[in-house]
Amino acid sequence: MRNILALIQRFYVTLAFMGLLALSLFMLFSSNNYHRSAFVEHSSDLVGKVYNQRDKLAQYLRLGEINDHLALENARLRARLPENYLLRDTSTGDMLDTAGVLRYRFRPARVINATINRDMNYLTLDRGSEQGIQKDMGVIAGQSVVGIVTSTSDNFSIVMPVIHSNFRTPVRIKGFFGQLTWPGGSPQRAQVDDIPKHARIMPGDSVTTTGFGFTFPAGQLIGFVEEVDMLSKESFHVITIRLSTDYRKVNYVEVISDLMRQEIETLQLRQDSIDGTDRP
């Protein structure tokens with residue numbers, strides 16, 4: 001209490017000035033409509049600017065949450081695309097029921113680490129087996145192929161991207177099937193082999209997935225033909241493609257699970273046992 005009294009005694013002139021100033025302003029704005037309206041207008045503008053800056057800060061702090069929500073929504077919308085369904089033909093006579101059966105499910109994930117300047121590059125995702133991620137699942141970003149899951153822990157997973165010396169996947173160019181590999185070097189280019197020489201492949205042609213196996217649905221974009229080696233003496237083209245995925249900018253991806261995989265594998269094993277052969 002003594003300290004408060006000492007403080008008031010020390011600054012009583014300033015406090016008296018501030019009190020008289022507040023009183024005079026109150027009397028001025030109370031009795032004068034013009035000044036009152038001007039004060040309200042300017043104070044509202046100031047408060048509005050403060051609220052606007054506060055809202056911008058709040059939105060910035062919520063960017064991670066917003067991106068996670070958008071990634072999840074994209075995965076839900078992608079799962080509804082017609083190419084991710086099998087058409088179940090239950091026709092009887094002239095009756096046809098084409099009810100769609102979901103084939104692929106997409107799970108959003110975020111890239112938390114990546115390399116692009118090695119021979120064996122990799123990506124780390126913030127989703128693992130606890131979130132339904134399993135080995136050999138395909139990974140895409142937008143409509144473009146990113147890579148294949150090679151290992152998982154409870155909450156994280158490792159992806160082998162296209163820009164990995166061991167990456168292989170079948171591809172399609174103008175109806176012809178080939179094999180995609182990465183010869184090293186540029187993280188923006190890869191190579192397609194086994195396309196026959198009689199195929200008229202031109203720069204700009206799209207390179208997509210075939211849908212073979214259980215990794216990627218058919219038609220997922222991989223890149224575009226950039227150069228075709230017409231002078232090679234081999235019976236197949238050597239094709240350089242420009243990858244559609246920019247690995248320097250990949251932040252959010254979607255992991256693909258084939259819901260029909262177990263059924264198909266069971267059927268193939270049953271056929272192998274009938275034939276007495278081992279499927280490669």
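Among SER24, SER206, the ranking by other beta carbons within 10 Å of each residue's beta carbon, starting with the fewest, stands as SER24, SER206. Extent along the principal axes, Cα only, for the range 171-280: 46, 40, 23 Å, with the longest axis given first. Highest mean packing comes first when the peptides 198-205, 187-194 are listed by Cβ atoms within 10 Å, giving 187-194, 198-205.
Extension gain, MET260-LEU20: 0.36 nm per intervening residue step, less the Cα-Cα distance, totals 78.3 nm. Restriction of the GluC sites (Glu not before Pro) in the range 222-264 to DSSP coil positions whose beta-carbon has at most 16 other beta-carbons within 10 angstrom yields GLU234. Computed from the C-beta positions of ASN117 and GLN268 and an R0 of 41 Å, the FRET efficiency is 0.55 to the nearest 0.05.
Any read-out appearing in this document is the output of simple, stated calculations on the displayed coordinates, not a laboratory observation. Since we're looking at a predicted model, the values are computed, not measured. Ideal geometry is used to build each Cβ from the backbone, glycine not excepted, and the neighbour counts take in all protein chains shown.
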